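For reference, the structure is listed below as structure tokens.
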Amino acid sequence: MASTYSSILNLEIQTTGENSGTWGTITNNNLKKLEAAMKGYVAVSIASTSDSLEVDDGGTGDEQDNAIIKLTGTLTANTTMQCEAQENWFIIDNATTMGTYTLGFKPASGTAASLVASSKHLLYTDGSTMFDVLADCGNISANGTLTVAGNTSLTGGTFIFNDDQDDFDARFEGNSDANLLFLDAGNDRVGIKTGSPSTELHVVGGVKATGNIDFDGGTFTFNDTQGDFDFRIEGDADSHLFFTNADNDRVGIGVSSPAAKMEIDQSSSTGAIPVLELDQGDNDQPFIKFDGDSQSDTSGNITTDTEIGALTGYIRVNVEGTARWIAFYATS
């Protein structure tokens with residue numbers, strides 16, 4: 001009875017009493033095939049868009065039975081490399097030049113696993129489907145640097161960085177910014193577009209919020225460095241409902257260029273509302289307090305000159321560009 005061949009490694013299974021004089025050669029070939037399956041390496045240049053690994057029944061010249069297979073060559077279209085439709089495992093080194101094309105590795109007539117350019121894959125097949133072990137592996141512990149050249153997708157569970165609370169920073173780069181998001185672990189601070197955040201949250205650039213902002217505790221300081229930075233709050237129909245002009249240290253209500261320390265502009269002519277309404281709930285306190293340069297004549301903004309009438313004095317105001325005086329009494 002003639003020899004047969006195993007289904008996976010294509011080893012020659014000899015029949016008792018056969019192969020007189022060649023039994024040793026056949027046995028050595030089988031041992032070499034086993035060695036290749038455990039430790040062997042072969043480089044295979046892809047020759048077509050539907051290529052197959054060479055198989056040698058009983059011989060030692062096959063490509064498929066090597067543990068490590070390096071694929072080379074330049075793809076000219078979407079390509080598939082296939083092995084026999086038998087159980088097996090492979091370490092594949094994809095060294096092909098792929099360009100914009102895809103490269104799959106599969107058992108004959110089966111389902112392929114997609115190979116990534118310039119990457120190494122640990123694969124196994126059940127004879128009908130090729131599986132990429134690292135595509136859905138369990139827990140991974142990396143004691144060194146983990147570098148990912150492709151996309152990273154977290155679809156379940158929680159993500160915790162620096163779970164031991166050590167001094168390990170985290171940095172996310174942008175297209176042109178090295179510190180698009182920076183976590184300063186040593187100081188427990190977060191920086192946006194800065195690698196040296198000076199507060200718990202330090203933003204270099206604009207901030208836009210489309211929802212509510214809640215300040216619950218602490219103080220709010222705008223323009224703490226006293227630079228030329230204006231502050232503006234818009235209303236429903238007023239672009240300068242409240243405006244601080246940092247350049248000349250003035251405040252405007254309804255005006256974009258306040259001409260005084262505070263200028264109020266009633267822009268509506270149909271609202272039937274006053275420009276300023278004072279409601280003093282503390283009945284024993286004045287509505288307005290004037291502090292100025294009090295003189296006995298009219299050279300200051302407050303005068304005690306009573307020659308005009310039997311009054312205590314006058315306060316200077318401007319009416320349509322002309323200085324006027326409002327009289328006041330010392331008693332009611």
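Label-to-label distance for residue 185 and residue 216 is 2.9 nm, based on points extended 7 Å past Cα in the beta-carbon direction. The chymotrypsin sites (Phe, Trp or Tyr not before Pro) found in region 235-332 that occupy coil by DSSP, while having at most 15 further C-beta atoms within 10 Å, are 287, 290, 329. Once both labels are positioned 7 Å from their Cα atoms along Cα-to-Cβ, the gap between residue 259 and residue 317 label points is 1.7 nm. Listed values (1) 19.0; (2) 24.9; (3) 34.1 include one computed from this model; for mean projected area of the Cα convex hull in nm² that value carries the label (3). Look at where the Cα atoms of region 1-27 and of region 253-312 average out, and the two centres are 114 Å apart. Applying 1/(1 + (r/R0)^6) with R0 = 51 Å to the Cβ-Cβ distance of residue 56 and residue 196 gives a FRET efficiency near 0.20.
Residue 244 to residue 176: FRET efficiency via 1/(1 + (r/R0)^6), r the Cβ-Cβ distance, R0 35 Å, to the nearest 0.05? Show your work: numbers first, answer last.
Working: r = 32 Å, r/R0 = 0.93.
Efficiency at R0 = 35 Å is approximately 0.60.
For the pair residue 145 and residue 166, what calculated FRET efficiency results from E = 1/(1 + (r/R0)^6), where r is the Cβ-Cβ distance and R0 = 25 Å, to the nearest 0.05? The computed FRET efficiency comes out at 0.95.
Once fully extended, how much extra length lies between residue 22 and residue 295, figured as 0.36 nm per residue of separation less the alpha-carbon to alpha-carbon distance? Could the numbers behind the result be given before it?
Details: separation 273, 0.36 × 273 = 98.28 nm, distance 13.04 nm.
Gain in length upon complete extension: 85.2 nm.
Computed extension length for residue 77-residue 207: 42.1 nm, one decimal, from 0.36 nm per residue of separation with the Cα-Cα distance subtracted.
Since only 154, 31, 94 are under comparison, the one whose Cα sits farthest along the positive direction of the charge dipole of the chain, derived from C-beta charges on Lys, Arg, Asp and Glu, is 31. Most tightly packed first, judged by the mean number of other beta-carbon atoms within 10 Å of their residues, the peptides 24-31, 4-11 read 4-11, 24-31.
Using DSSP loop states and a limit of at most 11 other Cβ atoms within 10 Å to flag trypsin sites (Lys or Arg not before Pro), what is the longest stretch of the chain containing no flagged site? List each step's numbers first, then the result.
Details: sites that count: 208, 261, 289.
For trypsin sites (Lys or Arg not before Pro) (loop position, at most 11 other Cβ atoms within 10 Å), the longest site-free span of the chain is 1-207.
Compared with the dominant Cα axis of the chain, that is its longest principal axis, helix 23-39 is turned about 0°.
Restricting attention to region 121-175, which chymotrypsin sites (Phe, Trp or Tyr not before Pro) occupy a DSSP loop and are surrounded by at most 14 other Cβ atoms within 10 Å?
Values: sites: 124, 131, 159, 161, 168, 172; in loops: 159, 161, 168.
The qualifying sites are 159, 161, 168.
Placing unit charges on each Cβ (+1 for Lys and Arg, -1 for Asp and Glu) gives the chain a dipole about its Cα centre, and among 142, 52, 251 the Cα reaching farthest toward its positive end belongs to 52.
Where a number appears in this text, it was derived from the coordinates with a stated rule and is not lab data. Because the structure is predicted, anything quoted here is derived from the model rather than measured. No Cβ is skipped: glycine too gets one built from the backbone with ideal geometry, and neighbour counts run over all protein chains shown.
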